[in-house]
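Beneath this line is the structure, given in structure tokens, with notes to follow.
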Amino acid sequence: MFAYAVPLILPLALVSGCTGKESAPISMAQGPVAVLVAPVVQKTVPNQLHEVGTVEAYSTVSIKSRVEGHLEAIHFKEGDFVKKGQLLFTIDQRTYQAALDQVNANLARDVARAKQADTDEQRYAYLLKFGVGSREQYDQAHAQAASLIAAAAADRAAVISRIMRATSSRRTPTPRWS
């Protein structure tokens, strides 16, 4: 008897499910949805990306100092693009100026000594010419003058060397030639 009841109940269930009147679409019952409109405008829009993540530099460069000193100023921020020849750091010039002043003083001292030695050499040459002075005194004066002229030349080279060491900073100390 169960075998005859299933074919009779199944069509009744399908017919009763399809005839309900309260199953109208909800969207039609509420009406159309409101939409905002605006006129079309052509303009530049910034390309912005707001994401969470880690950023790595395309390339990094190590900066090695050619001179020693305390930094007065840093003229860039981390991550900035820098150009060839751009000023990056300013180094405290007092150390370089003191060293330059010292070699300038040595130069002035040796130039003064060289002038005195040259005068002494001329004096002994005059005395030797008239037979009053000895050849040994003249030779000593000549050697002393040549030695002090060479020392003055070495001091000029030291001044140039000190200037070359300080050229990497913003303000280069100025030499005082005698």
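The values are calculated or read from the model by the stated rules, or taken from the named source; none is laboratory data. What you see is a predicted model; the values in this text were computed from it and never measured. Neighbour counts run over all protein chains shown; Cβ positions are idealised from the backbone, glycine included.
Residue 84 passes all but one of (1) surrounded by 12 or more Cβ atoms within 10 Å (Cβ to Cβ); (2) under 30 Å from residue 57 (Cα atoms); (3) basic (Lys, Arg); which number fails?
Result: residue 84 fails condition (1) only.
Scan segment 52-78 residue by residue and report those that are exposed (fewer than 10 other Cβ atoms within 10 Å of the Cβ) and of a type in the set (Phe, Trp, Tyr).
Correct list: 58 only.
Show the residue pairs meeting these rules: Cβ distance below 6 Å; 6+ apart or different chains; first residue within segment 97-114 and closer than 16 Å to residue 163 by Cβ and in contact (Cβ under 8 Å) with a residue 12 or more places away in the chain; second residue among the basic types (Lys, Arg) and assigned to a helix (DSSP H, G or I).
That search, which allows pairs on different chains as well, returns 99/162; 100/162; 103/162.
Tell me the residue from 82, 61, 41 that is farther than 29 Å from residue 154 by Cα, out of contact with any helix residue (DSSP H, G or I) (no Cβ under 6 Å at 6 or more places or on another chain), part of a loop (DSSP other than H, G, I, E, B) and modelled with pLDDT of 90 or more, please.
Step by step, each of 82, 61, 41 is checked, and only 41 is farther than 29 Å from residue 154 by Cα, out of contact with any helix residue (DSSP H, G or I) (no Cβ under 6 Å at 6 or more places or on another chain), part of a loop (DSSP other than H, G, I, E, B) and modelled with pLDDT of 90 or more.
What's the total number of residues in segment 59-96 that are within 9 Å of the chain's Cα centre (by Cα) and in contact (Cβ under 8 Å) with a residue 60 or more places away in the chain?
Going through segment 59-96 one residue at a time, the tally reaches 2.
On the given criteria, is residue 33 within 19 Å of the chain's Cα centre (by Cα) and at pLDDT below 85?
No: the conditions fail for residue 33.
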